[in-house]
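In what follows, a single structure is set out as structure tokens and then discussed.
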Amino acid sequence: MSPRTTLAVARRVLTQLRRDRRTLAMLLLLPCLLISLLAWIYTNDSRVFDRVGPALLAIFPFTIMFLVTSVTTLRERSSGTLERLLAMPMGKLDFLLGYAVAFAVVAAAQSVLAVAISVGLLDLEVAGPVWLLTVVAVVDAVLGTALGLLVSAFARTEFQAVQFMPALVIPQILLCGLIVGRDDLPGVLGAVSDVLPLSYAVDAMTHLSLTTTTAEVWADLAVVAGFVVAGLALGAATLRRRTA
């Protein structure tokens, strides 16, 4: 693994995103628009928005980054770009880390915008430090990137990449504590929830909205970061140069 090669890949991806204005707009603005829509829906009951808003600050970036990363990476492979890149002195891990770094930059901008609008304009009540709320949102978005890179290795078309959303993303949304508290889930579903990374991101966001203590937040954040590392490692092990 070469840091110079990784940064070169990251610069290339950022250059591509800058030219693709529609994708860039979706990455940066869609979470802000969705959280604003939610606040509008609960205009007459701000307590509901204060309860679910932090969780959605974890869910929206995760989902969007998963979708964009999986489709973009598959497009690189199906077009032959990945095969040409890997013919150079560059390993699979360099490629994946380059993508992760590039999308982490986008995730940081995305999360700063979403948190700023939620707390500054939409009056989302947060007891803990806002900067830590932003850090959790960024790490969660990078988690979406890591899982998107991983599943792209198992898809042959962009449509198949999108099909992984119902299998990997929606169950996590249903079991992360957004709809029903994780402590109130049936035993089997609670056990499943305990091994899903999004659950820990939502727990961290919810904890920050309720209390000023941060020890549990850092513990949850460490779990999410562990899933990021595992996702990138498995992605490097399973990444194919091109579709069959």
Looking only at residues that are among the aliphatic types (A, V, I, L, M) and under 17 Å from residue 156 (Cβ atoms) in segment 68-103, which one is modelled with the lowest pLDDT? 82
If residue 127 meets every condition in (1) surrounded by fewer than 22 Cβ atoms within 10 Å (Cβ to Cβ); (2) under 18 Å from residue 225 (Cβ atoms); (3) at pLDDT 85 or above apart from one, which number is that one? (2)
Can you name the number of the only condition in (1) out of contact with any Gly (no Cβ under 7 Å at 6 or more places or on another chain); (2) in a helix (DSSP H, G or I); (3) β-branched (Val, Ile, Thr) that residue 202 fails? (1)
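To keep it simple, each residue is scored yes or no on (1) among the β-branched types (Val, Ile, Thr); (2) under 19 Å from the mean Cα position of the chain (by Cα).
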{"residue": "146", "(1), (2)": "no, yes"}
{"residue": "166", "(1), (2)": "no, yes"}
{"residue": "170", "(1), (2)": "yes, yes"}
{"residue": "176", "(1), (2)": "no, yes"}
{"residue": "181", "(1), (2)": "no, no"}
{"residue": "195", "(1), (2)": "yes, yes"}
{"residue": "230", "(1), (2)": "no, yes"}
{"residue": "237", "(1), (2)": "no, no"}
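The values are calculated or read from the model by the stated rules, or taken from the named source; none is laboratory data. Predicted model, so just to flag it, every value in this text is computed and none were measured. Backbone-built Cβ (ideal geometry, glycine too); neighbour counts: all protein chains shown.
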